[in-house]
1. What ranking do 154-166, 136-148 get when scored by the average of other Cβ atoms within 10 Å per residue, highest first?
2. Taking the highest mean first, how do the peptides 175-181, 26-32 order by number of other beta carbon atoms within 10 angstrom per residue?
3. Could you order peptides 112-122, 184-194 by the average number of other Cβ atoms within 10 Å of their residues, highest first?
4. Using each residue's phi in segment 55-64, evaluate 6.51 cos²θ - 1.76 cosθ + 1.60 at θ = phi - 60° and report the 3J(HN,Hα) Karplus result to the nearest Hz, with x for Gly and Pro.
5. Once Rh is set to the Kirkwood radius over Cα pairs, what Stokes-Einstein translational diffusion coefficient, in µm²/s, holds for segment 98-191 at a temperature of 20 °C and a viscosity of 1.002 mPa s?
Amino acid sequence: MPILALIFTISTALAPLPTAEYVPANDEAYTLDLEVDGYVNGSMPDDRLMSFDGCTLERDAAYMYALLMEAAEEDGVSLSYEDCYRSFSTQAASYNRRCPVVETPVYGVDPATGSKVQTGVKSGRACSGPPTARPGHSNHGWGRAVDYTDGNGVLGCSDETFRWMQGNAHRFGWVHPDWAHCGRSTQEPWHWEFAGVTDSIFPGYGQLDPKLLDVVQ
């Protein structure tokens, strides 16, 4: 089914859309359109990025993010962000902090004495904390992922704001990917991704100005 990539300027050209009808097009971040167009993770050009209230995202994701945040405010839900778009250098710095290179001594037996001796050093990364993607492989690098907070810290599995996201984020094309679900060893209740929305939710879709939409087959 086609995916509607709603560009940010649509907000000034159309009346508000029926948010209750939005349906995510995927189960995780939709990036095929960006890859097909030749964009590179972590190197998104400025003209493909938009910021809303300080959170910089790919322009289609930014539009739906703005609607999501507006809905949360209307419901009296405290929702904010900790992390949005990450450049390649930002991803690399984060990965190096979480998974620094450490040297481990390698031991062997001295054939002359039979004693244990160090024969060399082995280098490798030692990661701590939640899993982190290698630079260039994070959906933050496409500008289609956000780490959400409730204003006090990142969302937790039992937080009221997280439960609101579970019940409402999909209306705006934002999903909680399977690997991040609560109860998994990789759980990240704060991490949500823009999965796009299907065109079937827009009554009169054929009457919309095609200049306002990028349709990706």
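1. Descending packing order for the listed peptides: 136-148, 154-166.
2. The most tightly packed comes first, giving 26-32, 175-181.
3. The densest-packed peptide leads the list: 184-194, 112-122.
4. In residue order, the calculated couplings are 9, 8, 9, 4, 4, 5, 5, 4, 4, 6 Hz.
5. 128 µm²/s
Values in this text are rule-based calculations from the coordinates and carry no lab data. Note that the coordinates shown come from a computational prediction; the quantities given were computed from them, not determined experimentally. We place every Cβ from the backbone using ideal geometry, glycine too, and count neighbours over all the protein chains shown.
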